[in-house]
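Undergrad: Attaching a single structure in structure tokens format; questions to follow.
Read-outs throughout are calculated quantities, based only on the coordinates presented, and are distinct from any laboratory measurement. Source: prediction; values computed, not measured. Cβ placement follows ideal geometry from the backbone for every residue including glycine, while neighbour counts extend to all protein chains displayed.
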Amino acid sequence: MPTKTRSSSKRSLAKYKEKRNFTKSPEPTGAEAKKIRKKAGKKLFFCVQKHLASHLHYDFRLEHRGVLLSWAVPKGPSLNPSDKRLAMMVEDHPLDYGDFEGVIPEGYGAGIVMLWDQGTWTPLTDDIDAALNKGELKFELQGVKLKGSWVLVRTRDQRTWLLIKHRDEWSGDIDVLTAAPLSVKSFDDFDDILAQENPDVWQSHRPAGGGVAGGMFNDIIRRAAEKKLLKTEGKSKGKKKTATKKRGTATANR
Ligand code: MN
């Protein structure tokens with residue numbers, strides 16, 4: 001039998017791939033891990049994805065041994081050191097997931113993924129595997145929204161952790177989730193991301209039938225459809241404007 005240390009330091013994407021059908025999901029397969037590796041340079045990459053699926057949650061991911069260690073944080077990260085945010089460890093994700101934003105039309109994780117934060121992380125330990133095994137990983141984040149010193153502490157079982165901000169110049173009372181709700185990649189909100197796809201994608205088959213997420217989905221689908229319509233109208237108006245302008249310029253030149 002492999003020891004605990006060995007089994008948890010050996011990372012694999014088998015579970016990630018097993019859960020997904022890449023002919024139906026636009027999620028990365030891991031084939032383009034290099035672009036993320038390049039992005040972070042000599043540092044380790046980190047990201048947070050805001051994911052509206054059956055429930056709204058935030059996926060917190062730290063690069064380690066060629067994959068992204070991943071935790072689902074239902075309430076999202078908090079800058080307040082007295083908040084201990086539940087973080088459920090989930091399967092390792094491929095590095096190129098770190099740039100992913102889009103719509104998962106069906107299957108596992110069906111919903112909308114927004115790249116909510118991205119940057120690098122610095123472990124405050126020489127041995128990340130040992131810290132993970134011990135169940136206490138201290139680190140610093142150099143993100144767009146999340147910065148400074150943090151800790152992940154394991155609680156009652158292997159999967160259940162708490163994400164806690166340490167007190168420093170980047171901690172405080174401000175609710176970063178509502179103060180900075182948009183994507184760091186596209187600067188878009190969920191409805192904009194959906195509007196780039198087909199807003200009707202879930203008309204018949206909604207990932208969340210009821211509950212809070214279900215209500216949010218209904219609003220987002222409606223707003224996305226409206227935005228898509230406006231965009232289409234805007235485009236045809238834009239064309240007319242350009243044509244008028246050109247004519248105007250031609251007249252002036254004459
Ligand atoms: Mn998720």
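Undergrad: Quick one: net charge of Glu140's neighbours, Cβ under 10 Å, K/R +1, D/E -1?
TA: Taking every Cβ under 10 Å from that of Glu140, the sum is +1.
Undergrad: Related question: Students often check this: by mean Cβ neighbours within 10 Å, which of 187-195, 154-162, 40-48, 129-137 ranks highest, and how do the rest follow?
TA: Listed from highest to lowest mean packing, they are 187-195, 40-48, 129-137, 154-162.
Undergrad: Suppose every Lys and Arg Cβ carries +1 and every Asp and Glu Cβ carries -1, with no other charges. What dipole size does segment 14-252 come out with about its Cα centre, to the nearest 20 debye?
TA: 1100
Undergrad: Find out how many positive minus negative residues lie around Ala195, taking Lys and Arg as positive, Asp and Glu as negative, among other residues whose Cβ is under 12 Å from that of Ala195.
TA: Once all neighbours under 12 Å are counted, the net charge is -2.
Undergrad: Would you mind putting 52-60, 171-179 in packing order, based on average other-beta-carbon counts within 10 Å, highest first?
TA: 52-60, 171-179
Undergrad: Mind ordering 11-20, 214-223 by average Cβ neighbours within 10 Å, highest first?
TA: Most protected by this proxy first, the peptides run 214-223, 11-20.
Undergrad: Still on this structure: Using only alpha carbon positions, build the gyration tensor of segment 60-199, then give the equivalent ellipsoid semi-axes as the square roots of 5 times its eigenvalues, largest first, whole angstrom.
TA: 26, 18, 14
Undergrad: At a Cα cut-off below 16 Å, give the aspartates and glutamates reachable from Lys10, other chains included and same-chain residues fewer than 8 away excluded.
TA: Of all the aspartates and glutamates, those that pass the test against Lys10 - Cα under 16 Å, at least 8 places apart if same chain - are Glu63, Glu91, Asp92, Asp127, Asp129.
Undergrad: Then there's this: Round to the nearest 0.05 the FRET efficiency obtained for Asn198 and Lys19 when R0 = 25 Å and r is the Cβ-Cβ distance.
TA: 0.60
Undergrad: Quote to one decimal, in nm, the extra length available between Lys35 and Thr122 on full extension: 0.36 nm per residue of separation minus the C-alpha distance between them.
TA: Contour length minus Cα-Cα distance gives 29.4 nm.
Undergrad: Looking only at Cα atoms, what is the convex hull volume of segment 14-252 per residue, in Å³?
TA: 178
Undergrad: Ok, one more. Between their Cα atoms, which of Lys34/Lys147; Lys34/Lys145; Lys42/Lys84; Lys24/Lys145; Lys84/Lys134 are more than 20 Å away from each other?
TA: Over 20 Å Cα-Cα: Lys34/Lys147; Lys34/Lys145; Lys42/Lys84; Lys24/Lys145.
Undergrad: In whole Å, what three semi-axes, largest first, describe the equivalent ellipsoid of segment 83-164 built from its Cα gyration tensor (square root of 5 times each eigenvalue)?
TA: 24, 17, 12
Undergrad: I want to check the label-to-label distance for Gln158 and Asp83. Put each point 7 Å from Cα in the C-beta direction and report it in nm to one decimal.
TA: 3.0
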